[in-house]
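Input: a single structure, listed below in structure tokens.
The values are calculated or read from the model by the stated rules, or taken from the named source; none is laboratory data. Bear in mind the structure is a predicted one, so any value in this text is a computation, not a measurement. Note: ideal-geometry Cβ built from the backbone for every residue, glycine included; neighbour counts use all protein chains shown.
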């Protein structure tokens with residue numbers, strides 16, 4: 001129930017009105033009430049929730065000027081993930097997805113425990129958790145995963161399909177100073193308490209679309225793309241699928257047998273790994289170069305026809321380099337779904 005200090009937020013042009021409580025951002029209020037607005041990092045870094053304030057009084061938490069430059073702020077643009085309302089406000093959404101709104105799932109926090117941690121490469125782990133109750137989500141979405149005993153929370157995408165709502169999987173890259181990932185090999189033993197809060201994310205599989213599907217990832221960007229691929233297989237839909245995965249060297253590749261088996265389940269599927277490090281002659285017979293270069297070359301050579309859905313998850317530079325490649329290949333901007341994996345660097 002909204003508190004006495006709650007204000008009204010009207011979202012145009014979709015005509016939705018909702019409450020926002022004191023101390024709550026507009027985006028969090030939308031999550032709580034099951035209004036699925038466009039979003040990405042939720043930390044003021046990616047600009048996915050950029051909108052324009054039409055009327056009312058607000059305050060913005062700290063944000064990146066890359067996401068909201070000063071000249072846009074002077075024109076009353078705001079980031080919903082950083083906006084606190086001090087009165088009733090009206091906001092014009094500059095970026096919204098009717099399909100996302102139609103498939104809204106209210107955000108929930110569900111307790112669970114660590115079930116297993118399995119090595120996939122020298123620095124990538126598969127984390128499995130078991131929830132106390134089901135969490136509904138769409139393939140490609142993520143949750144905020146918390147470890148209460150360590151006081152740490154990080155956003156991770158599910159690697160399993162939405163048909164599996166109790167036991168969730170996450171593909172996580174380890175970092176030496178990672179507050180969460182550094183716990184994977186020692187501290188996160190089976191039975192450790194976790195809390196999964198979500199679902200979040202607009203980069204989820206669109207159902208019933210025709211034409212080819214392109215998946216592009218690197219590192220832990222494999223996680224949501226694997227969920228999307230498995231969900232696609234379960235749907236029984238048949239469309240050409242090209243899964244590009246960028247890595248530095250062969251030791252960074254994993255799940256190769258799993259993807260080889262996928263070819264038996266789909267009529268037209270190719271998993272295309274690409275290595276960016278210098279490779280000695282004869283050591284690697286596959287694609288070489290940065291992943292956006294490989295995508296450009298392969299898409300041009302193959303000449304995929306029809307409307308294309310493209311999904312990409314990974315570091316911002318990879319996605320930024322990929323955008324012009326896909327658009328040049330004929331992918332409509334409205335059918336390019338992506339999730340930029342940003343680092344949680346902003347502090348209040």
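Filtered by the rule that a residue be buried (at least 18 other Cβ atoms within 10 Å of the Cβ), touching a helix residue (DSSP H, G or I) at 6+ places or on another chain (Cβ under 9 Å) and assigned to a helix (DSSP H, G or I), segment 273-318 gives 291, 292, 295, 296, 299, 318. Here residue 246 qualifies as in contact with a strand residue (DSSP E or B) (Cβ under 6 Å, 6 or more places away or on another chain) and assigned to a strand (DSSP E or B).
Conditions tested, residue by residue: (1) in contact (Cβ under 8 Å) with a residue 60 or more places away in the chain; (2) within 29 Å of residue 175 (Cα to Cα).
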{"position": "245", "(1), (2)": "no, yes"}
{"position": "250", "(1), (2)": "no, yes"}
{"position": "253", "(1), (2)": "yes, yes"}
{"position": "283", "(1), (2)": "no, yes"}
{"position": "318", "(1), (2)": "yes, yes"}
{"position": "331", "(1), (2)": "yes, no"}
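Taking segment 72-94 on its own, how many of its residues are in contact with a strand residue (DSSP E or B) (Cβ under 9 Å, 6 or more places away or on another chain) and free of Cβ contacts under 8 Å to residues at least 24 places away in the same chain?
Quick first cut of segment 72-94, residues in contact with a strand residue (DSSP E or B) (Cβ under 9 Å, 6 or more places away or on another chain) only: 72-73, 75-94.
From what is left, the residues that are free of Cβ contacts under 8 Å to residues at least 24 places away in the same chain are 72-73, 75.
Total meeting the criteria: 3.
When you scan segment 229-241, do you find a residue that is at pLDDT 95 or above, within 23 Å of residue 326 (Cβ to Cβ), part of a strand (DSSP E or B) and within 23 Å of the chain's Cα centre (by Cα), even just one? Yes - at least one qualifying residue is present in segment 229-241. Is segment 196-205 home to any residue that is outside the structural domain of residue 247 (by TED's automatic domain parsing), more than 20 Å from the chain's Cα centre (by Cα), closer than 30 Å to residue 104 by Cβ and part of a loop (DSSP other than H, G, I, E, B)? No - not one qualifying residue is present in segment 196-205. Of the residues that sit in segment 20-35 and are closer than 12 Å to residue 58 by Cα and outside any strand (DSSP E or B), which one is farthest from the chain's Cα centre (by Cα)? The residue in question is 22. Please go through segment 319-346 and give me each residue that is at pLDDT 90 or above, surrounded by fewer than 17 Cβ atoms within 10 Å (Cβ to Cβ) and outside any helix (DSSP H, G or I), ordered by number. 332, the sole residue that qualifies.
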